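J.: So that we are looking at the same thing, I have put the structure below in structure tokens.
What follows is calculated from the coordinates using simple rules that are stated; it is not laboratory data. Because the structure is predicted, anything quoted here is derived from the model rather than measured. Glycine also receives a Cβ, built like all others from the backbone with ideal geometry; neighbour counts cover every protein chain displayed.
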């Protein structure tokens, strides 16, 4: 006997549940949310989320945010933006580094926007065509364990990571993700492929530990499992704030300089809420936000006149590596296959 | 869908020759397979004797010990790794350089996952033993001592259930990303993850890497069908038959101490998290928790309903040997072991379209992803339940004109209410613990709690992250407790 649904039976309850869920969570296609901005960010959630709450009040918008994981820092969110390119969900991308937004610009996924609040930022931190704006920067630093390295033996250059004295006692984060990718690409740009590859291979011969993230590098140094590692200033200052026995070294101050990494904000082309997106960008580019990022996340303000907390160095006091972010972006893409092989993935 | 699209476009075939031609690809696969085998063996070493003792003997407080032992399996393994780190990391509570070097390496991954997944083997061993015809046991006990009865009669007869446990542990380990990444061990699923999360967005390459895993999955399906087969169903239903436990005599005290020790070891990471969190963490965490707990609860509850509904239909068809059921079951098993990052990219490609925004921007996308990943749990659990019941009741009802839904609603559901509730409960806790699936496509502002913990772990206050992990564990414990009480209530009524 063939089974037929009883004609008096009610439709499956699950269909009703789906409809309730759809309305309960407020889908965009159901009602308009002109004052809502959707932002994807690779800036650590612990720092960026309070900023978004601030901007909700300051800009009169509501913000829905999506954060990256530590292990896929920057690239996970970036690739979601690329995957969603046909129908963008985000209005704004706030990147923890200045290079990944170039990949979006190259793919035509960015809408130019010149925020009035960007006018006081240095020219070199703004795209001439308005596609990106940089602010609130970190620097790449060496975090050194005080108990394991004396002042006299302090490493002063990233090349010290390959020093046989520190064999098996140094670490960097996975160069396939986050700011380490940018840093490695910057080295390739500055030194050339041959020298950069030779350096990375020496790191491997020196048994460098490849941590899952900059945060993991910090943990390794703080716990004394390694003597020093390459990480970002926000991770380093978190360790200092926690009272860890560490010190921060800005590498290569007598050489090529330390890599300074501004955060960058872009407006996504085709986002559902462009007006709210612009208001969010305007808020992010205020002195108030730079001040908060300096105080809470040890990010260096790049706008003149923003006070710098005691534990944060002013960007003007650091010799910065000379870089071209667009060129680094191209190098970053080009060296990926070699880097994957180097990492072993 | 993205797998099909990539295959049809030739993307995967193009990448296959390059990606699969590299020696390191196969080296990584062998490493992952080796880790999975090691974890499975570890889970068997822990789970078989524990399951035999807890399932069949008069050990003191055996039900409580089983609950304590099994609890960690319902938590994201990453949380447990986090707890072990607070214990055995260099600056952990009992840590040193030596313990840290052990933890952050293959040994740490194997130990963490073996302890996390051993309860699966324990539970299935206990259930398998409890299914054995008591007359066989009684006959054995007239000629030999209880421990030989267990070793020579009960365990060999329970091997299909034990083998099923091994299969599940192997599959869970093979697709695990969070623990190996946290403990800095390179694995094959991580390679897939980097193809999709790395700077070079390469879904074609990721799909090419998935193909060997699919082959492994098909092998698991073959093993499941040929060697375990329908005998595993006997283990998964809920029993209402009570058998007197085997008396241990003088061995009762030492064996009770041993199983309670094994059970309490499972809780050590949670204790470490509690110490790290402290009272300040538990209150500070409330400022950071946001809507994530509600999101987790809602998405998991609805996904569990759908998984249960799937189980009712497909599981029933599987138990009654309907033609298409085996194929659907195999597909569900493959979805279970496919790396979740690939599943996630497929979800983005399939649902981020103008006409389906009401799905993609709401909790519905989470529900669909969880159902795709954990549907197999409902299918197998309810397949086992229906396998134990006679089809005659349904046939009689059909003869009187009752349709499928009426037979399901009026006969099968009331008859197997405990089994249905248990299936829902299992599906719910697995959905609650999920991280790897939903992290790729959760809607902005609707992150489930495991995702929130994972993203806050980057520079977030450690006591807050530990506290959020505990809130997750507490929520799971509450749901399991309520579910357990309801199951107990149903048993008393039946």
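J.: What angle, in degrees between 0 and 90 and rounded to the nearest 10, separates the Cα long axis of helix A:193-205 from the longest principal axis of the Cα atoms of chain A?
T.: 80 degrees
J.: Pairs of Cα atoms under 8 Å, at least six residues apart: use those to get the relative contact order of chain B, whole percent.
T.: Computed value for chain B: 21 percent relative contact order.
J.: Which whole-number percent is the relative contact order of segment A:191-333 (Cα, under 8 Å, 6+ apart)?
T.: Relative contact order of segment A:191-333: 19 percent.
J.: Divide the volume of the convex hull of the Cα atoms of the protein assembly as shown by its number of residues and quote the answer in cubic angstrom per residue.
T.: Dividing the Cα hull volume of the protein assembly as shown by its residues yields 167 Å³.
J.: Note the angle between two axes, namely the Cα long axis of helix A:13-24 and the longest principal axis of the Cα atoms of chain A, as a number of degrees from 0 to 90, rounded to the nearest 10.
T.: So the inclination is approximately 60 degrees.
J.: Compute the relative contact order of chain A as a whole-number percentage, counting only Cα pairs closer than 8 Å that sit 6 or more residues apart in sequence.
T.: 26 percent
J.: Between residue B:261 and residue B:478, what FRET efficiency comes out of the Förster formula 1/(1 + (r/R0)^6) with R0 = 25 Å and r the beta carbon distance, rounded to 0.05?
T.: 0.45
J.: Taking every residue in B:438-448, how many Cβ atoms of other protein chains lie within 10 Å of its Cβ, on average?
T.: 5
J.: Residues of A:161-170, mean number of Cβ from any other protein chain within 10 Å of their own Cβ, rounded to a whole number?
T.: 0
J.: Just tell me how shielded A:89-98 is by partners: mean number of partner chain Cβ atoms within 10 Å of each residue's Cβ, no decimals.
T.: Other-chain Cβ atoms within 10 Å of each residue's Cβ, averaged: 1.
J.: Is it possible to state the helix-based mean residue ellipticity at 222 nm for the protein assembly as shown, with each DSSP H run of 4+ residues giving -39500 (n - 2.57), the sum divided by total residues, to the nearest 500 deg cm²/dmol? What is it?
T.: My calculation for the protein assembly as shown gives -18000 deg cm²/dmol from helical runs alone.
J.: Kindly express, to the nearest 10 degrees and within the range 0 to 90, the angle between helix A:287-297's C-alpha long axis and the longest C-alpha principal axis of chain A.
T.: 70 degrees
J.: If you don't mind, there's one more thing I want to ask. Antiparallel versus total DSSP beta bridges in chain A: what percent is that, nearest 5?
T.: That works out to approximately 60 percent antiparallel.
J.: Then there is this: Run through the DSSP bridge list for the protein assembly as shown and note the antiparallel percent, rounded to the nearest 5.
T.: Bridges in the protein assembly as shown that DSSP calls antiparallel: roughly 60 percent.
J.: Another question, if that's okay. On the Cα set of segment B:289-456, report Rg and Dmax in Å, please.
T.: Answer for segment B:289-456, Rg first and Dmax second: 17.4, 59 Å.
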